[in-house]
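Structure record follows, encoded as structure tokens.
No lab work stands behind these numbers, since they all come straight from the coordinates. This one's a predicted model, so the numbers in the text were calculated from it and none came from an experiment. For neighbour counting, all protein chains shown are included, and Cβ atoms are generated from backbone atoms with ideal geometry for every residue, glycine included.
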Amino acid sequence: MRLEKVIIKDFRSHQLTAVDFTPGINLIIGQNGSGKSSILEAILVGLYWPSRPSELKKEDILRVGGRGTEITVFFEVGGVKYQVHRKIHGSYAHVKYLDNGTWRTIEASGHNAVREWMNRLISYDVFVNAVYIRQGEIEAILRDDVEREKVVRQVLGIEKLENAYSNLRAVLREIRRRITEAEDFLKKTEKVEETIVESERRLIEILSRINELSSKLPELRQELAVVERELKELDEKEKRINGLKIELERKRGEMRELRAMEGELRKAIEEGKRKIEELKKRLKGLEELEERAKEFKELSAFLENYRKRKAEIEREISAFEERLRAVEDRIMELEGKIERIAELENKLRELRERLKELEPFKGKLDEREAIRRELENKRRKLRLSRKEIEKLREEIMRAKSERETLQKRLQELSKLRGELESRMLDREKAIEELKRARGKCPVCGTELTEEHRQELIEKYTLEVSGMEERLREIEEEVGKIRKKLREVERTLAREVELIKQEELLRQVEELEAKLKSFSPEIEEKAREFERVRDEIGRIEGEVKGLREEASRLTALKKKRELLKEKLDGRKAWLNELEAELRKKGFGSEDELEKRLRELEPMYKEYLELRALKGQLEREIKDVAEKEVKLRKVREDVERLRGEIDSIEEELRGLEKTYDPVRHEEVRKRKERLAVELGKLENELKILEEERERVEKTLEALREQREERKKKMEELKRLKKAELNAEELRKKIKMYKAAIRERALESVAEIASEIFEELTEGKYSGVVLKADENKLRLFVVYEGKERPLSFLSGGERIALALAFRLALSMFLAGEMSLLILDEPTPFLDEERRRRLISIMEGYLRKIPQVIVVSHDEELKDAADRVIRVRLEDGVSRVSVEGVVS
């Protein structure tokens, strides 16, 4: 794996940072708190989020004032270039690879999916234990033999072999399960041949009985068919006889109804002829009254029309007169408004001249009003007074100084805590070794007496108690410092607010000065300007309305003339109507009404007689229709008599050929044959179903016989596979032990060289001893193996660094990257110089190394120097003079 670039947005103190990495040694250098270690943390978060160290919390990641953390890491593995992009405070993440200059998506399903993909490429455990050595964790690998063995197992890939070994156990279980399954099947089906023979015998019996029944059924069906045909003929005769009887009774009923209808029609015709003679006598005076009825109708219609037309004309005359009066009133009103327009136009000329004089004052007032509104807006936003702003500035300056002091103190306490823990671990191990030791003292090499043992144990126990107490005091002090740091950070978070409030205060003061520069006279003149402008607007509106109304005067005069013409026309129509009345021979409406009263009795009598004429016509028509019906009834009687004779004759003929006794015998014989046939057919159906079942059983048994052969073959293969899997497990176990031994020898050899150089030859080697679940570490001093308790605090750091570097160099061919975060804090000056020599010698064997440090001396060993500075709370990165 080789890192190429990381882009960081709103992560801790980084607003927007892009860092390029090259092969060789990349040194990221800067003061404490500048944000250099945050670059490495961003790489870890970008690759493996949500996996991360426990102290790295999501709420602490986002930069103060930032909108959302985004990280993109570009890297290369096996000649393929990849990029991982994450939005930490959202659910979006993706992985892409470079294909002929185009980025193509591999995974874009969210943080967990991208993490799983990354773990398949390079596991998180390998990355944090072999690639990325975080600040303060260099010595962690020396603290516990069990944990050390676990780390080395993960880093060297031994864990994969253990997984393969464990997986083969599961494969063996599955093979053995399938062997048991095959053996159970073979045992369960061992009598399959006997079952096949028995089933074939039963099938032969069934087929024999089916053949026997198949030969009987056709004869029985034929006999039944003959009987059914005879029964059908007898059923049809019985049905026809019954039908004819019912039809005969129905026809006789119709005959009775027709005879009754014939008598009723004859009586009705006689009564109708009598009524016709009576009506003819009464209608002899109708012709004499017809002329008077005609005159009454004409005069009544004329009177109705006369009254209607006269009322309409009089209504129209009244309406035209009313509209004419309204138009004349409106004309007089408009003539008065024309005079008002002239007066208003004179007043407008005077007001416009005054408005022109006042215009300059209005412009200044608008300018002053805009400044006043802006001032009010700024005052609303200004939450702090000048005194409060000064106080806040002083607080922030104090907070910056206090943060630097607190961070320095935290580093001192961290260093002290590491030294105490190391010493305490040494003492505890020394106590354990003293308890187990026999003969020589493991501390000084002299003869070990019980008194000397107890003296040393008591001494070391007291020292451990003192160190524990000191550690508790350090933890308490660290807690207080961290609490204070949080308070300081809250104060520093107000720095942006301070800058905004200072700018607002400056703007408010400028606007207040501008506002005072305007004279008081402007407001009075501006108010007069508004009044004059409003008055002009009002008058112009009034003039416009008056002009619109005055423009209607000509149209109203034309309308007046038109109304006069229409009124004269309606009066002429009224005269014409009176002339028509006189033409009819009546001088007035009353004379016409008198004549109508004289004619009305004769008209009523005429109507009564005319109604009788209609009745006569109806009676004549009714008698004619009844005579036609009578003829039709008589024809139906004759037709029905013939049909009844025909039915009686057919019925007599059928009754001679039909025997009810024979009919019943045939019906019973048919029922008996049907029952017999049903039994045989049902038996045949059952036999057919059984045959089908037996054939299916035979087919299944034959398949089972074939399956037995396959299972026997499978059983042979499975037993062979079982032997192969057991053999492979043994080989993996042997290979795991061999590779572990070789790897530990190589790591010990490289670590020995580095540790010897770091200690200027004081120690001649490092020894690794593997137990079941432990990896014990020793150093060689004066030709003898010594426990870690033999080392001083600084020597322990040197050994831890040597061991870490040895692991990375062993993996250099497979994992071509090493990241070190602050490797020098606990090294003295001489060992720091030695580290530079090691970087120039050993670390160059690793294709890419990234080191974070505040130690300027390390620049001499670096191929590329990346400097990080904190400016106004934001981390800035520069590389060879380029700032990002």
(message) How would the range 658-704 be classified by its alpha-carbon gyration tensor: rounded, prolate or oblate, with rounded meaning a/c under 1.5 and the a/b versus b/c comparison settling the rest?
(response) prolate
(message) Just checking my list (1) 46; (2) 76; (3) 63 against percent of Cα pairs over 38 Å apart computed from this structure; which label fits?
(response) (2)
(request) Could you go through the range 655-663 in sequence order and give the Karplus-derived ³J(HN,Hα) for each residue, using 6.51 cos²θ - 1.76 cosθ + 1.60 with θ = phi - 60°, rounded to whole Hz, and x for Gly and Pro? (result) 5, 5, 9, 9, 10, x, 5, 4, 4
(request) Give the percent of DSSP beta bridges with both residues in the chain that are antiparallel, rounded to the nearest 5. (result) 75 percent
(message) Taking the Cα centroid of the range 550-599 and of the range 167-233, what is the distance between the two, rounded to the nearest whole Å?
(response) 117 Å
(message) Apply the Karplus curve 6.51 cos²θ - 1.76 cosθ + 1.60, θ = phi - 60°, to the phi angles in the range 504-512 and return the couplings in whole Hz, x for Gly and Pro.
(response) 4, 4, 4, 5, 4, 5, 5, 5, 5
(message) What whole-number distance in Å separates the alpha-carbon centres of the range 703-774 and the range 654-668?
(response) 105 Å
(message) Please state the shape class of the range 203-344: rounded when a/c is under 1.5, otherwise prolate if a/b exceeds b/c and oblate if not, all from the C-alpha gyration tensor.
(response) oblate
(message) Explain nothing, just the number: dipole magnitude of the range 386-519 about its Cα centre with +1 on each Lys and Arg Cβ and -1 on each Asp and Glu Cβ, in debye rounded to the nearest 20.
(response) 460 debye
(request) State to the nearest 20 debye the size of the charge dipole of the range 674-799 about its Cα centre, where the only charges are +1 on K and R beta carbons and -1 on D and E beta carbons. (result) 480 debye
(request) For a quick protection proxy, order the peptides 737-744, 87-94 by their average other-Cβ count within 10 Å, most packed first. (result) 87-94, 737-744
(request) Could you compute the FRET efficiency for L596 and E345, with r as their C-beta to C-beta distance and R0 at 51 Å, rounded to 0.05? (result) 0.15
(message) Helix 450-492 against the longest principal axis of the chain: what's the angle in degrees, Cα atoms only, rounded to the nearest 10?
(response) 40 degrees
(message) Of Q411, A399, I389, which is farthest towards the positive pole of the range 386-519's charge dipole, taken about the Cα centre with +1 and -1 on the beta-carbons of Lys, Arg and Asp, Glu respectively?
(response) I389
(request) Go through 795-801, 321-327 and give me the packing order, highest mean Cβ count within 10 Å leading. (result) 795-801, 321-327
(message) Quick check: from the Cα gyration tensor, does the range 386-519 come out rounded (a/c under 1.5), prolate or oblate?
(response) prolate
(message) Taking θ = phi - 60°, what integer Hz values does the Karplus form 6.51 cos²θ - 1.76 cosθ + 1.60 yield along the range 649-654, in sequence order, with x for Gly and Pro?
(response) 5, 4, 5, 5, x, 5
(request) Between beta-carbons, use under 12 Å as the cut-off and find the net charge around L299, counting Lys and Arg +1, Asp and Glu -1. (result) -1
(message) Among Q83, L471, N211, which residue has its Cα furthest toward the positive end of the charge dipole of the chain, with +1 on Lys/Arg Cβ and -1 on Asp/Glu Cβ?
(response) N211
(request) Please give the peptides 845-851, 425-431 ranked by average Cβ packing (other Cβ atoms within 10 Å per residue), highest first, as a rough proxy for protection. (result) 845-851, 425-431
(request) Could you give the size of the charge dipole of the chain about its Cα centre, using +1 on the Cβ of each K and R and -1 on the Cβ of each D and E, expressed in debye and rounded to the nearest 20? (result) 580 debye
